[in-house]
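Trainee: Okay, here's the structure, questions in a sec.
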Amino acid sequence: MHGPAGTESRTDPHWRDGPWQKAGQRLTAHRPAAAGLTVLAALMLAVAAGLVAGGGPVGAALAAGHQSLSFTLLAGLGGAALGLLWAAAAVALGERAERAMMAPAAALTGLPLALALPLVGGLLGPQRGLAPMVMVAALIAAPAVAVIARDELRALLRREFLSAAQAAGIPNGRRLRRHILPNAVLPLAAAAWTALPRALMAESLASLLGLGLPAGVTGWGTAIGAAARAGDAVALAGPALLLALTLWALHGVGDGMRLAFATAFSTTAGGRR
Amino acid sequence: MLRLVLRRVLAVVPALLGLALAAAVVAALAGPGWVEALGAALAALPATLALVLPALALGTVLGALLGVMGGAGAVLGGVGPAMPGFLLAAVFAATLAKAPVLLGLAALALPAAAQAATLAGRARAGAEDTVLLAARGRGMDGSALLWRLVLPLGLSAAMGGLRSAVAGTVTAAVAVESLFGRTGAGQLFVEAARAGDTGMAFAALAGMCGLTVLLSALGGALHGFIDPRARMA
Amino acid sequence: MSGADVIGPDDRSPLRVEGLSLLTSRDILLDRLSFAVEPGEVLALSGAAGAGKTLLLRALSGLAPKGVTVLGDIHIQGRRILVTQDGALDPLRTIGAQFTELLAHQSGMDERTALRCAAEALERFQVPAAARRLALHPHELGEAMRWRAALALAMAAEPALLLADAPAAALDPTQRVRLLSDLAAWTREAGTALLLAGRPQPDPIQADPVPSGLADRRLILAQGRLEAPEEEPTPAPPPVEPAPSGPPILSVRDLRVAFPLGRSWRGAERWLTVVDGLSIALAEGETLALLGETGSGKSVLARAILRLVPPVGGQVSWLGTDLAAAPPEAMRRARGDLQILFPDPLAAFDPLMTIGAQFAETLESLRPSRSTAQSAAQSTADRAARLAEALEEVGLPAAVLDLHPGSLRPAEAARAGLARALLPEPRLLVCDEPAATLDGSERADFLALLQAIRRRRRLALLYATQDAAEGLGIARRALVLLLGRIVESADSVVLATGARHPYSRALIAAAGLDRPALHGDPPSPLRPPTGCPLRLRCPLAHDGCAQVPPTLDPVAPGHRVACHVAQDSAQEDGKAP
Ligand code: SF4
């Protein structure tokens, strides 16, 4: 009888690693994601350093980055939370409610939603506060997150190990806590991440039109808009480059997360019907 | 084809009516003169369409072509996320003071092309070991394979992403119109928003949403024309 | 090995390979293969998953993947065509257009002739109304029909050599074996050399297609080399066990499982019935096979018994308690007695928890430690020992407890799944194709282990599978399921040699790679035919079959069949002597 060959003789040196490590390895194996993470970390440091050192056009661009990035972070987190709540509620409330809740989300992703931010910015006037703008940006980012998150949750609920847990007599509450929630973390994180580039795009566009960040607060978009209207290519270069770099990094990391966490996180690729 | 177009367009009529109604209600609530606001928004739409449509068509086709070829297409797709249309528009506006219309078009077409290139490249890579290998196994190769199979597959994939491309292009068109001083719904929208004219701004925005929905529907019909799998639904 | 024959200069074999090696920069994938295929010959190529069958076929058709160096000689006379593993067709064009294009390209045929050719080619695979199918796109065809189109397309080009890589692997056995027999008959008639690779998954082609006449010769690819098949010892017949007696421990009565499909536009609720009024009784230690293909409901039945899928009607009672009405506590106790093996054992483990943690969770849930007297430390030590013991019983080292499922190989996962099912010391094991992810010797070993454990523990077994040979080998009795109903039930020994229902016969024939007599494709479960569910595929069907659905009636002691013709002939047999 051939034994199942114990556990030795494997070619992959990392075969023993736990699932979280493996997910991390998959993420960093995706080159844009690894580069994106590095860029984002560097940017954070540079912005922090720029705040301290300040001065010059570089310092100004970095200071603007501080505003843009903080806004993005706040709005992105809000959008992600909203989107995840939306999806979770839809899945939890049963099929009818799910269809009723997800149809508008899917329809909204096909509209130029980002324009809602300059609209609100204009309506609130130049004395607008930061909080309502953050809220609107979060709302703009939420539907796309909801659509992705719903698909991930549905896929998760179909996985066989949940049947196995049921066959082991594990009560529903415990099944949710021990099996569903932990396994939902990474795919939902990938879904949530997409809120960040969306929020940054919306904010930059609105600020570029002069209808985004409140008067007196200068973000990358504000700087770019001013430079473009003045025809000042030199003043434009710094913020434009930084914005492009940030967007690219955010997308790269998001792509990597999607590839590494969403589909491949199950132990087997694809499932039998 | 005609039936497909009709079906798609009819399917979005309720959405369009809803948008029109919402715009009318908001404009009416915002103050008198809402009929003029709606009229102005509608009248400004063709100019925006003239900007968006060629950019999308050009971007999608060229992007798909580059994407299936690999090389330049992969590079274009790779830097795509770094260059949203409004950023390109700002860069063009700043560097070339007297910017011709073509630059505005390019600012809109490039992101669309980048997205199309990514999707087409991915479709090609995915088909390499399935559909393309099977076709090669039947003795098809060279330019016949490229023109009859690879390119249509890439184009189909690129058109699958048309919905988000349309939304992105319309959004960017606002920046282009505003920065380049072209008239159009986007320009109208920005002016109205700056002036705090709720009715006009909302009407213009609703108009652009309607444009997006309509273009997406047409794009879907075209996609169905190329790819029979996209015909249902 | 056969390629070593002396080959004359006037050699006409469509394919002759000498000293073919495939290398990457790091390893040797295939090592100096030599063989030849003659016109009209069918050569079967088998080998475990990853043995390089696909690679070999790609190299032979000149399409080796990038980074693979091909050394040695490949002589090909005439046209060669490769049918890839997925049998992909051009998704954007109709079947007819693909025929016209290929035929115009290869033999300059005009469109009318090409279309006629195409219809004739499809008819060779018994496609009804072939000309009408030519106007369809590949995605509008069913899986089986797509395969027929792909193979017909390849054969219509009149190749001298057809390389088929595990064709139609995902089809049900009865459809697949019929398709392959038709293909082999056609290539023999047309003088085409056919190289038929087996699929990596459990596959009768892996076993031996020569005796049944599907293939003329068989080569095995192992460790990058070709081996001639050795005589496999016929497995000793399993010791005949006495029929278990006693009252049934599990009894299923009129079980119905259906899924709502929403409402039709008239507001009538529509249901997809998957299990349609099934009754089963199982005594202590009894083994029962559920044989059936996709859509037979065997898998749903297995799950419905454990209440993993809610039934809409009927009763499942375990030791006299009705599980549908059982309060949670009683249900939990029953779950300790009823355990299940899943078709994909790896997917049945939570990827984030170690095997040990999941074992402990199962044990704690189903056999909670009630010992208050014992110190907690001692009971944990007891548990750890128990987990290690469970692994030992299935032949895994205790170190597996600390691993996550992602680190297990399929064979280990299957054993770990078995160990988990055994932990609560069940009395009934429900198996849903438990070896579906294993192949070759791993599969055989796993099934042997399952049998040994079952005997030792005197477990009752419910074994769902689509492979009739496997099911009949494992269980003492068998039920054949079709569209959620039992069509035949008998002892395995009786069924293996004297099955009476046309569907059971087809299943058993397919397991032996004989051409099954069923034609066409299974009907959609949404619109089952009136009368007998097999009517549209049955070679014996007569008018009466459309009107009266046959009932499951005994034809001999312990042998029941639901078929008008089989029942009539059984009556005549009974009268004759
Ligand atoms: S009842 Fe008729 S159709 Fe059904 S299996 Fe018997 S002979 Fe065939």
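Trainee: For segment C:126-144, how many residues meet the condition of being out of contact with any Gly (no Cβ under 8 Å at 6 or more places or on another chain) and surrounded by 13 or more Cβ atoms within 10 Å (Cβ to Cβ)? Lay out the reasoning, then the answer.
Mentor: Here is the first cut: in segment C:126-144, the residues out of contact with any Gly (no Cβ under 8 Å at 6 or more places or on another chain) are C:127, C:129-133, C:136-144.
Checking which are surrounded by 13 or more Cβ atoms within 10 Å (Cβ to Cβ) leaves us with C:127, C:130-131, C:133, C:136-144.
The number of residues fulfilling the criteria is 13.
Trainee: Let me ask something else. Any idea which residue in segment B:58-82 is farthest from the chain's Cα centre (by Cα), counting only those that are closer than 22 Å to residue B:171 by Cα, of a type outside the set (A, V, I, L, M) and away from chain A (no Cβ under 14 Å)? So that I can check it myself, show each step before the final result.
Mentor: Step one: filter segment B:58-82 for residues closer than 22 Å to residue B:171 by Cα, giving B:58-64, B:76-82.
Restricting the remaining residues to those that are of a type outside the set (A, V, I, L, M) gives B:59-60, B:63, B:77-78, B:80-81.
After this cut, where a residue has to be away from chain A (no Cβ under 14 Å) as well, the list is B:59-60, B:63.
Values: B:59: 9, B:60: 8, B:63: 13 Å.
Within segment B:58-82, the match that is farthest from the chain's Cα centre (by Cα) is B:63.
Trainee: Determine whether segment C:518-530 contains at least one residue that is farther than 26 Å from residue C:149 by Cβ and in contact (Cβ under 8 Å) with a residue 12 or more places away in the chain.
Mentor: The answer is yes; a qualifying residue exists.
Trainee: Would you point out the residue of segment A:92-112, among those that are in contact with a Pro (Cβ under 7 Å, 6 or more places away or on another chain) and among the aliphatic types (A, V, I, L, M), that is farthest from the other protein chains (Cβ to nearest Cβ)?
Mentor: Checked segment A:92-112; the qualifying residue farthest from the other protein chains (Cβ to nearest Cβ) is A:105.
Trainee: With the condition being loosely packed, with under 15 Cβ neighbours inside 10 Å and away from chain C (no Cβ under 13 Å), I'd like the helices (runs of 4 or more DSSP H) fully within segment B:83-147 carrying at least 1 qualifying residues.
Mentor: Qualifying helices (runs of 4 or more DSSP H): B:101-127.
Trainee: Let me ask you something else. Collect the residues in segment C:92-113 that are of a type in the set (D, E, K, R) and within 11 Å of chain B (Cβ to nearest Cβ), keeping them in residue-number order.
Mentor: C:93, C:101
Table: residues versus (1) near the ligand (Cβ under 10 Å from one of its atoms); (2) assigned to a loop (DSSP other than H, G, I, E, B).
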{"site": "C:471", "(1), (2)": "no, no"}
{"site": "C:480", "(1), (2)": "no, no"}
{"site": "C:493", "(1), (2)": "no, no"}
{"site": "C:500", "(1), (2)": "yes, yes"}
{"site": "C:513", "(1), (2)": "no, yes"}
{"site": "C:520", "(1), (2)": "no, yes"}
{"site": "C:526", "(1), (2)": "no, yes"}
{"site": "C:529", "(1), (2)": "yes, yes"}
{"site": "C:560", "(1), (2)": "no, no"}
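Trainee: Evaluate segment B:26-34: report whether one residue or more is open to solvent by less than 50 Å² (accessible area, probe 1.4 Å) and of a type in the set (Phe, Trp, Tyr).
Mentor: No, segment B:26-34 contains no residue that is open to solvent by less than 50 Å² (accessible area, probe 1.4 Å) and of a type in the set (Phe, Trp, Tyr).
Trainee: Checking residue B:205 against (1) at the interface with another protein chain (Cβ under 7 Å from one of its Cβ atoms); (2) under 11 Å from the mean Cα position of the chain (by Cα), only one condition comes out false. Which one?
Mentor: Status for residue B:205: all satisfied but (2).
Trainee: Take residue B:219 and decide whether it is open to solvent by less than 30 Å² (accessible area, probe 1.4 Å) and within 14 Å of chain A (Cβ to nearest Cβ).
Mentor: yes
Trainee: Out of B:169, B:212, B:183, B:198, which single residue is of a type in the set (Val, Ile, Thr), within 30 Å of residue A:116 (Cβ to Cβ), touching a helix residue (DSSP H, G or I) at 6+ places or on another chain (Cβ under 7 Å) and away from chain A (no Cβ under 14 Å)?
Mentor: On inspection, the qualifying residue turns out to be B:183.
Trainee: Give the residues of segment C:536-545 that are surrounded by fewer than 18 Cβ atoms within 10 Å (Cβ to Cβ), within 8 Å of the ligand (Cβ to nearest atom) and free of Cβ contacts under 8 Å to residues at least 24 places away in the same chain, sorted by residue number.
Mentor: Result: C:542, C:544.
Trainee: How do the pairs read when you match residues in segment C:546-574 that are without any contact (Cβ under 8 Å) to a residue 24 or more places away in the chain and open to solvent by less than 40 Å² (accessible area, probe 1.4 Å) with residues anywhere that are among the charged types (D, E, K, R) and near the ligand (Cβ under 9 Å from one of its atoms), using Cβ under 6 Å and keeping only pairs 6 or more apart or on different chains?
Mentor: So the pair list comes out as C:546/C:535.
Trainee: If you don't mind, another one. Considering C:44, C:49, which residue is of a type outside the set (Val, Ile, Thr), touching a Gly at 6+ places or on another chain (Cβ under 9 Å) and open to solvent by less than 40 Å² (accessible area, probe 1.4 Å)? Show your work before the answer.
Mentor: On the way: C:49 fails: open to solvent by less than 40 Å² (accessible area, probe 1.4 Å).
Only one candidate qualifies: C:44.
Trainee: Okay, next question. Would you be able to tell me the number of residues in segment B:1-55 that are over 30 Å from residue B:110 (Cα atoms) and outside any helix (DSSP H, G or I)?
Mentor: The qualifying residues number 3.
Trainee: Go through segment C:89-140 and tell me which helices (runs of 4 or more DSSP H), entirely inside it, have 3 or more residues that are touching a residue at least 24 places away in the same chain (Cβ under 8 Å).
Mentor: Hits in segment C:89-140: C:95-107, C:111-123.
The values are calculated or read from the model by the stated rules, or taken from the named source; none is laboratory data. The shown structure was predicted, so the numbers you read here are calculated from the model rather than taken from an experiment. FYI the Cβ positions are ideal-geometry reconstructions off the backbone, even for glycines, and counts take in every protein chain you see. Side chains are part of the model used for accessible areas, which takes the heavy atoms of the whole protein and leaves out ligands, DNA and RNA. Shrake-Rupley method; radii C 1.70, N 1.55, O 1.52, S 1.80 Å.
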